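Working notes, structure below.
The values are calculated or read from the model by the stated rules, or taken from the named source; none is laboratory data. Please read these numbers as outputs of a predicted model, since none were measured by experiment. Heavy atoms of the whole protein, side chains included, go into the accessibility calculation; ligands, DNA and RNA do not. Shrake-Rupley method; radii C 1.70, N 1.55, O 1.52, S 1.80 Å.
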Amino acid sequence: SIRPGTTAAHLSGQLSPEVKASRVRRLLDLAGRQSLDFRRNLVGETRSVLWESHAPASLELGGGPRWSGLTEDYIRVGTSEAGDLENRITPVRLVSVGLDGVLAQVLRPVTC
């Protein structure tokens, strides 16, 4: 793309803004589909999650509190597990794909 001070700024044969926008949309669509496929393939696996934050009740999780964390390979995971999970690492079973990550069931009871 044309940026001041770069070689591309002086080259001929630049693509039109419409073509660039179309290609970006196609790439973003592909990335979204690949991300969803990747997360779907994780369902049923057991992973360790470091729980980071707690959010208010979530309708997606049946109205319960939602904890959010990351696996060791940075997969965003959420659960409606009761109890204090903050800064804990727990094993989970990945049970379904959510809008922004994977929903999980904590495998060991959490004591407060």
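Can you tell which of ALA31, ALA21, ALA55 shows the greatest fluctuation in a Gaussian network model of the chain with Cα springs below 10 Å? Result: ALA21 has the largest fluctuation of those listed. Summed over qualifying helices (DSSP H, 4 residues or more, each -39500 (n - 2.57)) and divided by its residue number, the chain shows a 222 nm mean residue ellipticity of -8500 deg cm²/dmol. Taking only the Cα atoms of the chain, the ratio Rg/Rh comes out at 1.23, with Rh defined as the Kirkwood radius. Of the residues THR6, THR71, the one with the largest accessible area comes first in the ranking THR6, THR71, computed with a 1.4 Å probe on protein heavy atoms. Helix 17-42 versus the longest principal axis of the chain: what is the Cα-based angle in degrees, 0 to 90, to the nearest 10? The angle comes out at about 20 degrees. Which residue, GLY69, GLY101, GLY44, tops the fluctuation ranking in a GNM of the chain built on C-alpha contacts under 10 Å? Comparing GLY69, GLY101, GLY44 in a Gaussian network model of the chain, the most mobile one is GLY44. Rounded to whole numbers, the Karplus 3J(HN,Hα) couplings from phi for the stretch 85-101 are 9, 3, 6, 10, 10, 10, x, 9, 9, 7, 10, 6, 8, x, 5, 10, x Hz, using 6.51 cos²θ - 1.76 cosθ + 1.60 with θ = phi - 60°, and x at Gly and Pro.
For the chain, modelled as a GNM whose springs connect Cα atoms under 10 angstrom apart, the maximal fluctuation among LEU42, LEU70, LEU11 occurs at LEU11. For VAL43, tell me the accessible area in Å² from a 1.4 Å probe, rounded to the nearest 10. About 60 Å², rounded to the nearest 10. Backbone amide hydrogens, once placed in the peptide plane, bring LEU103 within less than 5 Å of GLY78, VAL95, SER96, VAL97, GLY98, excluding anything fewer than 5 places away on its chain.
A 1.4 Å probe, protein heavy atoms only, puts the accessible area of ASP29 near 80 Å².
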